Amino acid sequence: MLSLFSIVYYLLALIVYILALPFLFLKLRNPKYKVAIPSKFFFKDNPPFENSGLWFHTCSMGETKAIKPIVDSFKNEQINISVITNTGFDEAKNLTKNRRYLPYEIFLPFWINRQKALVVMEAELWYMLFLFAKKRGAKTILINARISDKSYKSYKKFAFFYKRVFKNIDKVFAQTQIDKQRLQELGAKEVEVIGNIKLAQLPQVTEELKKADDILITAGSTHENEEKLILDAYSRKFGKLVIVPRHPERFEKVDKLIKEYAKKMNLTYHRFSQKEDFDSDIILVDKLGELNNIYAVSDVVILGGAFEKIGGHNPVEPAYFGCKLISGEHIFNQKSLFECVNDYVIIKNDELKSTLNNINKIKKSSLVQKGDIKPIIDELKGI
């Protein structure tokens, strides 16, 4: 039997759904949502998971990437993953063939079937999700849980609601002691602090390179137009410049661009594949798998993929090595990972030159509390 609260909540969710239908049909005109909206709101090609297993639910790309080390520990288990966003859905294909968009809440009572466990990442606190997963026999676990200073007041305003959500969550793995305290205030039970699991797998150096005899500025994972932007903002007085394009098929094009620039500015230049050192003023890294090795000896990193509308790239890698970190504004695919980093600079494209000119004023980046996934794995193995 459902409680009175559950019935009222379901009816309110149904009313919201009906009112939102015109908006949903309008959004369908955007090709970006041609799969996600029909899947989540109209059940198109989005059946329940066929087999019982370990069910992970995440929101977007960053959260889905973060569960990979956990998923990899259960090779012999049925792995089911549900997501909210397009990027999360695309990332989930790297972990399992059993991926779904999570349907809107009014459909969950009819969509959820029996699973061994439901493991939910961070702030995906859907009432019907936990209620019916638990009713169908799953152990319910919330991982990497946190409540920021900014959102704490909002959570407290709706504490009556979250107490009912946490009533159906068996175990919570929180990031910090402060998060634990706040979660317990909202009704969470069995809370264990294990740090931020997005930092459970840290970058590794495969070869120790000799540091440059000057400040080394690395433009990492750059895309079309970003190399030109960086070269236009660069001056030799800032230090030596290393450019590492994201895609190897662009190596020759970037090589030509740098050659022309170096000749015009009377600077020395070489390709890393020809000479693995930093003796020249500008170096093009045209070898794969070298980025972390180079971050390890860099002083400043200009992180590519965010000066164009790409979505940004992983800031954890340069932050781990204590580089001064500069990024463009378009970090929409990496926001969750930027939350793991202290002291970075987000700038507009036309601010790059002035930022480099004042590089001494920028603090070195660092990582927040590291995480441990072993308690989560142990919990799941004990089911």
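The values are calculated or read from the model by the stated rules, or taken from the named source; none is laboratory data. Remember, predicted model here, so these are calculated numbers, not experimental data. Positions of Cβ are backbone-derived with ideal geometry, glycine not excepted, and every protein chain shown enters the neighbour counts. Keep in mind that these areas ignore ligands, DNA and RNA; they rest on the heavy atoms of the full protein, side chains included. Shrake-Rupley method; radii C 1.70, N 1.55, O 1.52, S 1.80 Å.
Does at least one position in the range 325-335 carry a residue that is within 19 Å of the chain's Cα centre (by Cα), in a strand (DSSP E or B) and over 22 Å from residue 60 (Cβ atoms)?
Within the range 325-335, one or more residues are within 19 Å of the chain's Cα centre (by Cα), in a strand (DSSP E or B) and over 22 Å from residue 60 (Cβ atoms).
Going by the structure shown, is residue 19 part of a helix (DSSP H, G or I) and out of contact with any Asp or Glu (no Cβ under 9 Å at 6 or more places or on another chain)?
yes
Looking at the range 138-146, can you tell me whether even one residue there is of a type in the set (Ser, Thr, Tyr) and open to solvent by less than 30 Å² (accessible area, probe 1.4 Å)?
Checked against the condition, which is being of a type in the set (Ser, Thr, Tyr) and open to solvent by less than 30 Å² (accessible area, probe 1.4 Å), the range 138-146 yields at least one hit.
Among the residues of the range 336-375, what is the count of those that are hydrophobic (A, V, I, L, M, F, W, C) and within 25 Å of residue 121 (Cα to Cα)?
Of the residues in the range 336-375, 7 are hydrophobic (A, V, I, L, M, F, W, C) and within 25 Å of residue 121 (Cα to Cα).
What do you reckon, is residue 306 surrounded by 21 or more Cβ atoms within 10 Å (Cβ to Cβ), out of contact with any helix residue (DSSP H, G or I) (no Cβ under 6 Å at 6 or more places or on another chain), of a type outside the set (S, T, N, Q) and not in a loop (DSSP other than H, G, I, E, B)?
In short, no.
Output the residues belonging to the range 328-342 that are surrounded by fewer than 20 Cβ atoms within 10 Å (Cβ to Cβ) and within 18 Å of residue 220 (Cα to Cα).
If the condition is that a residue be surrounded by fewer than 20 Cβ atoms within 10 Å (Cβ to Cβ) and within 18 Å of residue 220 (Cα to Cα), then 329, 330, 332, 335 are the ones that fit.
For the range 148-190, give me each residue that is assigned to a loop (DSSP other than H, G, I, E, B), out of contact with any strand residue (DSSP E or B) (no Cβ under 8 Å at 6 or more places or on another chain), at pLDDT 95 or above and not charged (D, E, K, R).
Hits for the range 148-190 are 158, 186, 187.
For the range 32-75, which positions are within 22 Å of residue 379 (Cα to Cα), more than 19 Å from the chain's Cα centre (by Cα), part of a loop (DSSP other than H, G, I, E, B) and in contact (Cβ under 8 Å) with a residue 60 or more places away in the chain?
Listed by number, the residues that qualify are 52, 53, 73, 74.
Going by the structure shown, is residue 113 open to solvent by 20 Å² or more (accessible area, probe 1.4 Å), of a type outside the set (D, E, K, R) and either at pLDDT below 95 or touching a strand residue (DSSP E or B) at 6+ places or on another chain (Cβ under 6 Å) (or both)?
no
Residue 101 passes all but one of (1) without any contact (Cβ under 8 Å) to a residue 60 or more places away in the chain; (2) within 30 Å of residue 202 (Cα to Cα); which number fails?
Tallying (1) without any contact (Cβ under 8 Å) to a residue 60 or more places away in the chain; (2) within 30 Å of residue 202 (Cα to Cα), residue 101 fails exactly one: (1).
Looking only at the range 163-178, which residues are buried (at least 19 other Cβ atoms within 10 Å of the Cβ) and either polar (S, T, N, Q) or under 30 Å from residue 303 (Cα atoms) (or both)?
174, 175
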